[in-house]
Amino acid sequence: MHGTALTVKLTTAGTRPDPAASIRILVAIASYGNGNDRYLRELISTYRSMPFTVDIVVLSNIEKQVGDGVRCLVGLPDKNPWSLPFRHKKLFAEHADHYDLFLYSEDDMLVTERHIHAFLSVSEKLGADEVAGFLRIEKGDDGHVNYPDWHSCFHWDCSSVRSRDGYVLAHFTNEHAACYLLTQSQLKAAIRSGGFVVDPHENKYDLLCTAATDAYTQCGMTKLIPVSHIDDFTVHHMSNKYLNVVGIGAVEFKRQVDTLVAISQDQKRAGSLIGTETTMPETMYSKDYYSHTIDEVLAAVPTSAKRILSVGYGMGRNELALAERGRDVTVVPLDAVCASQASAHGLRVAGGNLEEACAKLGSDKFDCILYLNVLHLAEDPSRLISRFWSFASPTATIVVQSPNMRSARVLRQSFRDRSFYCSPSFAKTRTHAASVPAIRGWCEAAGYKVERALGINSRPIAGYRGRAGSLLNLLMASEIVVTAQRV
């Protein structure tokens, strides 16, 4: 540990004071090891060039040569290396009275003067429980732009869209952006809540991400993205480590932002079909909006099925694959953002809440209805199936894809926490305990008979054939695909 924090930017005697210099900022940068040191140097140089009064503290597990006037704190909060970012919380709390802004980031997030000015401007328009936040952006050598925070279950909450004196804001359910800014009053409110200065922990996110999101997830504040001024709130993730791995491109991102702005002008589009995120650790069993095509799902659709309806459409790669094979695909999207993506890809859309979607379907009949990773998230799964009974042709098949919450892995986990894993309460976890027997019960209650259940994402059990092998594969599978027909 090196001395006390030093002021980096000072007003030169005899010159006209810069108003920005009166804004005091404490910057904490988490920097584990030496892998990102070239980015760290650029960050420090960027902060030093700003007109504000900036103090910089680098948090590391090793000694670093970070330059004059920059403090380096060495040490981990606990034995887990990923706990390093939690150290910034105590630092911020100890200096809560001494700075106007508090900026935390990982060592490859390029927060600029423009971002800070934009944050200050929008903060004047927000409520006490609202905090302006950032999104990550990555840039390929070929000009390709990637938005890596779009993966798994994370999506725009269309019901969160709101306007504030010229700004349109919305909540993106992935609060982690590897950086955040708080005003002094926001930091003090977070500290008072009791959820900010806490020991390293994880729940919705892993340790690294949790340290950067506690201010939103457990301090009573909502992170809002100013989508009407989106370029001012996207921060370059300089390592570009998720390019061509996860995320969405610039065209899809712009389409989503445009949809959110449109929702601000027509709140009737702000609803969602069902809740799609669970409250289980790391949002386990939530809807995966961006899943790849699943061969077992595509194979479960009868070759005779020409007209297909998908209930609970996210970003729809299975549905798009069916459309490319010449099937006539209609979707009931999860929200308006999903609807805009479906329309852009040429799918027919019946959007809105359940009643509105059914009204738009009119008297249509379908040969196959898909429920892909959604039934266990519905408050009443059998009712959701029943609601679309009238749109099924007399010989229609339904295909249900679901997590297998009675797999061997989950059963092993249940011995560690029996109440949480064996009998999850929907009110507590926002998910039903999906399994082949559970899905069979939902289908039968809605007037369908299960014909086949297949385990996927499992290895075949050597030495077993026929029914015994099928049962063992279902036990080992992390997901299941069930087909059922009208009785």
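The values are calculated or read from the model by the stated rules, or taken from the named source; none is laboratory data. Just so it is clear, the structure is predicted and the values come from calculations on it, not from any experiment. Methodologically, a virtual Cβ is constructed for each residue, glycine included, from the backbone with ideal geometry; neighbour enumeration extends over all protein chains shown. Surface accessibility is based on the protein's heavy atoms, side chains included, excluding ligands, DNA and RNA. Shrake-Rupley method; radii C 1.70, N 1.55, O 1.52, S 1.80 Å.
Quick one: with all protein chains in place, what share of the accessible area of the chain is carbon or sulfur, to the nearest percent (1.4 Å probe)? It is 49 percent, rounded to a whole number. Residue ranges 286-294, 373-381, 68-76 sort as 373-381, 286-294, 68-76 when ordered by packing (mean number of other C-beta atoms within 10 Å per residue, highest first). Computed extension length for R452-S49: 138.6 nm, one decimal, from 0.36 nm per residue of separation with the Cα-Cα distance subtracted. What percentages make up the Cα-Cα pair-distance distribution of the range 165-228 when the bins are 5 Å wide from 0? Going out from 0 Å in 5 Å bins, the range 165-228 shows 3, 17, 26, 25, 18, 6, 3, 1 percent.
In plain terms, the chain from A128 to D78 could stretch by 14.7 nm, reckoned as 0.36 nm per residue minus the Cα-Cα distance. Here the dipole of the range 50-177 is about 180 debye; that uses its Cα centre as origin and unit charges on the Cβ of Lys and Arg (positive) and Asp and Glu (negative). Among the listed values (1) 127, 53, 14; (2) 47, 26, 19; (3) 49, 29, 20, the one computed from these coordinates for semi-axes √(5λ) of the Cα gyration tensor in Å is (2).
Computing FRET efficiency as 1/(1 + (r/R0)^6) for D231 and R486, where r is the C-beta to C-beta distance and R0 is 60 Å, gives about 0.70. Taking the Cα-to-Cβ direction at H144 and at E324 and moving 7 Å from each Cα, how far apart do the two end points lie in nm? Those two pseudo-labels are separated by 1.6 nm. What are the aspartates and glutamates whose alpha-carbon lies under 12 Å from the alpha-carbon of K287, with same-chain residues fewer than 8 places away excluded? Excluding near neighbours in sequence, the set is E277. Restriction of the GluC sites (Glu not before Pro) in the range 107-148 to DSSP coil positions whose beta-carbon has at most 13 other beta-carbons within 10 angstrom yields E124. Counting only residues at least eight positions apart within a chain, or on another chain, the lysines with an alpha carbon under 18 Å from that of K90 are K79, K188.
What translational diffusion coefficient, in µm²/s and rounded to a whole number, does the Stokes-Einstein relation yield for the range 229-375 at 4 °C and a viscosity of 1.567 mPa s, taking the hydrodynamic radius as the Kirkwood radius over Cα pairs? Please report the intermediate quantities before stating the final value.
Numbers: Rh = 16.8 Å.
Result for D is 77 µm²/s.
At q = 0.17 Å⁻¹ the log10 of I(q)/I(0) for the range 21-117 amounts to -0.71, computed by Debye summation with a single uniform scatterer per C-alpha, solvent ignored. Cross-link reach is defined here as a Cα-Cα straight distance under 26 Å, omitting same-chain residues fewer than 8 places apart; for K139 the lysines meeting it are K223, K241, K254.
How fast does the range 102-211 diffuse by Stokes-Einstein, in µm²/s, taking the Kirkwood radius from C-alpha pairs at 20 °C and 1.002 mPa s?
136 µm²/s
The accessible area of T303, taken with all protein chains in place and a 1.4 Å probe, comes to roughly 120 Å². In vacuo Debye scattering of the range 271-329, one point per C-alpha: log10 I(q)/I(0) at q = 0.18, 0.29 Å⁻¹? One equal scatterer on each Cα of the range 271-329 leads to -0.72, -1.26.
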